[in-house]
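Written below as structure tokens is the structure these notes are about.
FYI, it's all coordinate maths here, none of it is from the lab. Treat the numbers as computed from the prediction; the structure is a model and nothing was measured. Here Cβ is always computed from backbone atoms with ideal geometry, including for glycine, and neighbour counts include all displayed protein chains.
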Amino acid sequence: MHPSIIHRFAALPLAAVALALASQPAWSQIEEILITARKQEERLQDVPIAVAAFTNEQLVERGARDMFDVTRFTPGFSFEKTNRYGVQGGVSRPVIRGMSNILGEGNAQVFVDGIPYSDSILSFPFDIAERVEVIKGPQAALFGRATFSGAINLITKKGGNQPEHTVSARLAEYGDTELNLLSRGPIVDDKLFYMVHGRYYTMDGMYRNSIDGGRVGGEESNNFNASVEWRPRDGIAAILSGGYTRDRDDLAAVTLQDRFANNCYLNVARQYYCGAVQVAPTATLDRAGLQGTEGLHRDSTRLSLQLTFDLPAGLTLVSNSGLFSTEMEYGYDSTYQGATALGQTTVPGAPGYVRPLSDPVRNGGVMRNEITDRDEWSTELRLQSDQTQRFSYMVGAYYYKSQRSLEEQHFLATAPTVFSGETQVENLAAFAAVDFDFTDRWSATAELRYAEDTIGNDNAVARPTSPLVESTFDSVSPRVTTTFKFTPENMVYANIAQGNKPGVINPDPRFPESIRFADEEESRNYEIGTKNRFLNGGLMVNLALYYIDWTNQQITAAYTFPPPTGGTQSYIRNAGATEIKGAELEVEAALTDNFTTGFTYSMTDAKFTSLSDSEALELFGDASLKGKKLFGVPEQQASAYGKFTFAAGADRIGFVRGDVSFTDRKYDQIFNLAHTGEQILSNVSAGVEGDHLALTFFINNLFDDRTPSSVTRYVDQLNRNIPQYTNANPAQNNVPGSTTLERSIYYPLPSKRQFGMTLKWKF
């Protein structure tokens, strides 16, 4: 990030601090947040690991509607977003501290009330989120599998003795309409409580489809959530909670950028796009080719039961069990029909030639309809001692099982082709943690988890002729932490943790045995940090520095089958090693009773230390990719906000708020050629809030930044056999006849500037 940009982001909070110091004798207090990042309730500032936590009120103030919005003000946290459901040829997954991947299981796991939530979190209604916790670094010791880089924990609203009934509505451009109804409170005071929530959401889409003129990117959701909490007596509690989601979406606003626009014309047959991807003004998607299956149909259900029993001698027994089930059907145009608005031509032999829509080859493009069923079950049982004692401990056991079936229907010019496959995962684990206070100021914690993963997988192309292939992987995940408190509000900490990620099965039976399996990944994580509150709680300053040594890294590669099979298939191999160095800074100040401000910054230096690739030799004359940055990882992120409140009547408070965020470029692949470009988003809002009614007006993306959130290298299915350049000089004649796969870039069309309002009524 250019120094001038840093200065712009820091100017607001620094100037505000200077003004307050000159005029205000005493600062106000920053809100305290309680979190459960270590399976117990603690103050955020007392937890010796890096955690970003936000209450529901803070999420509403920032205009956050999903987890992707949270990344804009959380240092070291980004999102590989294709669309909100992780389909359309890619996966939407969180990336914590630069640990990204393309194929296989994600490196960070989402939990809802402690239960794994493996569906796209972008569809989860934030209106019922009591709190969101982004826990950084390996969390396997306490949270279990799939937390190689961190965990995201969403805690939903529950009932209590205080009744709450709210109706909230959102109206914005592009048909963006949302209605939430929430009621919670006591059924029997101190004994029995409830929460019910309903949501309806719809949006027309921000972009047009150049083929039929209609909008694309339309979304529609219906949500229902409820919980019942029973406390028959002191020391016994049972919480049953669940939710149902129904989604009916149009084709996602995803498009293709052909390799010709701003092409670097590397001296290879496969021409690559280089530089910042240009955003097309429209999508070019074929609805007719999908034969009525276009868009998303998705129904999902979650259910959890948590039981708590207080035992003699200060012990507590906790059981947390849950299930998640989803059925999804999604039809999409995997060819994206090209992007003719970016300087391409339909003149054969001319530079930038792209087949026209009338071309018979184009009419035979592959459209895809995917049907996925996924079921997950998990249960955890843990015994905890009194955490207020000098010595405390926790022991537990965990079981997890998931089953996912996939059916793909490819619509071709000849006849549809159907493939199916299945993935199974079973995880057994035991874990323990001990905490010891050496003095009133100095303490240490040791955590350990042993896990065994059994993974079964078959391939959609090979089934049913190929049986399910299974393999078992075991791991040991320790973490040691020490903390020293100078005062109750100022501390330093250090921790060392090992992360383990299970191996991978490449199930296609056509693969040679040498690449059928990929081994486990490992990482050593070292972190030091400090958490501080100054000026009577009016100033918070948190800083974390970390180093990650990531070995045996699972990297996506392409295998070309020899004749007569032919064709190319992606697989996962252990080929890489990565070094990640980073820093994360959070500053927040309640300068006066009327003005608060904050600033965040993160630097993530994620580079390969060992990786070789035959295609790199062709591209650069050197097979080594040492020093290349990891794909999908912004090197720098920053955010700043300022909020001013004022009296707007006897019982009303007015406010004006501004938020700005910076996200550095993100590369599409290990070669570091194409990237998103730098993004600066600015949001402003103003409103008034009373005891019963709140009204807010907002403008999101004030300056209409059209930088895509992610870019992904993709095979151009339609133009793979078009004439191609064979020299770095683009003026040279094209040479027909190449059958080499052509590389293009696909990406989600970014959100435009949007005006809107929200209304909330409490009764």
| Those aspartates and glutamates that a straight Cα-Cα span of less than 17 Å connects to LYS628, excepting residues fewer than 8 apart in one chain | ASP549, GLU579, ASP605, ASP613, GLU615, GLU618, ASP664, ASP668
| Reach of LYS752 by Cα under 22 Å, taken over lysines that are not fewer than 8 positions away in the same chain | LYS81, LYS666
| query | How far is it, in nm, from the label point at GLN162 to the one at ASN594 when both lie 7 Å from their Cα along the line to the Cβ? | reply | 2.6 nm
| message | Please compute the Kirkwood hydrodynamic radius of the range 196-245 from all pairs of different C-alpha atoms, in Å with one decimal. | response | 14.3 Å
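For a distance above 19 Å, tell me the whole-number percent of Cα pairs in the range 468-549 that qualify. Working shown, then result.
Working: 1979 of 3321 pairs.
Counting every Cα pair in the range 468-549, those more than 19 Å apart make up 60 percent.
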| Want the number for ARG441 to ASP549: 0.36 nm per residue separation, take away the alpha-carbon distance, what's left? | 35.8 nm
| task | Could you pull out every one of the aspartates and glutamates with an alpha carbon less than 19 Å from that of LYS760, ignoring same-chain neighbours closer than 8 positions? | result | GLU57, GLU61, ASP66, ASP127, GLU130, GLU164, GLU173, ASP176, GLU178, ASP651, GLU689, ASP691
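Restricting things to Cα coordinates, could you compute the convex hull volume per residue of the range 581-682 in Å³? Can you show the working numbers first?
Numbers: hull volume 9.2 nm³, N = 102.
So the per-residue hull volume is 90 Å³.
Of LYS39/LYS401; LYS157/LYS762; LYS136/LYS531; LYS157/LYS401, which sit over 23 Å apart, Cα to Cα? Working shown, then result.
Values: LYS39/LYS401 21 Å; LYS157/LYS762 16 Å; LYS136/LYS531 15 Å; LYS157/LYS401 27 Å.
Beyond 23 Å: LYS157/LYS401.
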| request: Among PHE484, PHE79, rank each residue by its count of other Cβ atoms within 10 Å, from fewest to most, as a rough exposure measure. | output: PHE484, PHE79
| Points 7 angstrom from Cα along the Cβ direction at ASP622 and PHE703: gap in nanometres? | 3.6 nm
| said: If you average the alpha carbon positions of the range 94-127 and of the range 479-526, how far apart do those two centres end up, in angstrom? | reply: 16 Å
